[in-house]
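One structure is given here, and the rest of the page talks about it.
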Amino acid sequence: MDALPTLRTAASPLRWLLAVSLFVGALPPASADAAWPKMRSALFGERSFGSDPAVLALEAPDRAEDASIVPVSLRVGPAGGALRTLWLLVDENPSPLAARFTLHDAVVGSIETRLRVERYTTVRAIGETDDGRLYMAEHFVRAAGGCSAPIGPADDSESAIGRMSMRRFDVAGARSELELRIRHPNHSGLEVDLDTRGYVAADYVRELRVLQDGRPLLDAELDISISRNPYLRFGIAADARRLDVQVGDSRERRFDARFPPDATTP
């Protein structure tokens, strides 16, 4: 599998944010409001944010049924065709920068995924247009324990890790939607093994690239706030004939998949 160079460029700020967020997460609740200013300064400096649901909106539950699988949707509105980068942030998580998405084609549009949420928090979607304007949408989610919940016996063999499945949905116009699932334990490094009583080492999907008919469609840099067996749903062209997915994880494993499996180069 080829390297994913465009995703590697974001690794440095992400690792720095992880160190800062672990420090913030160790503070008592009264100091928790320091998380967002630190993230804002690290990622965006003093840049200002617009707010317009016609450009970008965020959908998430007010109270999660399961803190380890919290559905969220970054909704790109009818005026959001110029958005090229999307960030997904969970303020009070040990690693608050859950994902950064690079949209190489406006057909990607909205993105759905699932999060771990460690405690009551604001979840933020931030989008940047191709001319540098920033937009932010946020939602307060009541959930706790999603990053550090104990795990039972492992149910993922090494041979199963990295397997991918896809479902394609037709929608109106020249756009379809792809539902992508990746088999992976996505251990956060904060979970306790009920058998050994020790912490389970971090092991998570870190980067992903989707190519549509041989051309880049979507890049994603992911972190430990993404749920077990990562799930993504996003737009593709209705006439797309072949999709290639390339995945890399935190242990330097690489996984490839093609849909349909027997598709040839267009």
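The values are calculated or read from the model by the stated rules, or taken from the named source; none is laboratory data. Quick caveat, the model's predicted, so the values are computed rather than measured. Cβ sites come from the backbone with ideal geometry, for glycine too, and all protein chains shown count toward neighbours. The area values use the complete protein model at the heavy-atom level, side chains included, leaving out ligands, DNA and RNA. Shrake-Rupley method; radii C 1.70, N 1.55, O 1.52, S 1.80 Å.
Computed quantities for the displayed model
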quantity: Filtered residue count, segment 214-242, keeping only those that are open to solvent by less than 30 Å² (accessible area, probe 1.4 Å) and either free of Cβ contacts under 8 Å to residues at least 12 places away in the same chain or not aliphatic (A, V, I, L, M) (or both); calculated: 10
quantity: Flag if Ile126 is among the β-branched types (Val, Ile, Thr) and farther than 18 Å from Pro230 by Cβ; calculated: yes
quantity: Criterion: of a type in the set (D, E, K, R) and either under 27 Å from Arg47 (Cβ atoms) or in contact with a helix residue (DSSP H, G or I) (Cβ under 9 Å, 6 or more places away or on another chain) (or both) - qualifying residue of Arg167, Arg142, Arg116, Arg133; calculated: Arg133
quantity: Where Glu46 falls short, out of the listed (1) over 14 Å from the mean Cα position of the chain (by Cα); (2) of a type in the set (D, E, K, R); (3) in a strand (DSSP E or B); calculated: (3)
quantity: Residue ranges of strands (runs of 3 or more DSSP E) in segment 180-237 with at least 1 members touching a His at 6+ places or on another chain (Cβ under 7 Å) and not aliphatic (A, V, I, L, M); calculated: 215-222
quantity: Count of segment 200-229 residues which are more than 15 Å from Asp249 (Cβ to Cβ) and in contact with a helix residue (DSSP H, G or I) (Cβ under 7 Å, 6 or more places away or on another chain); calculated: 3
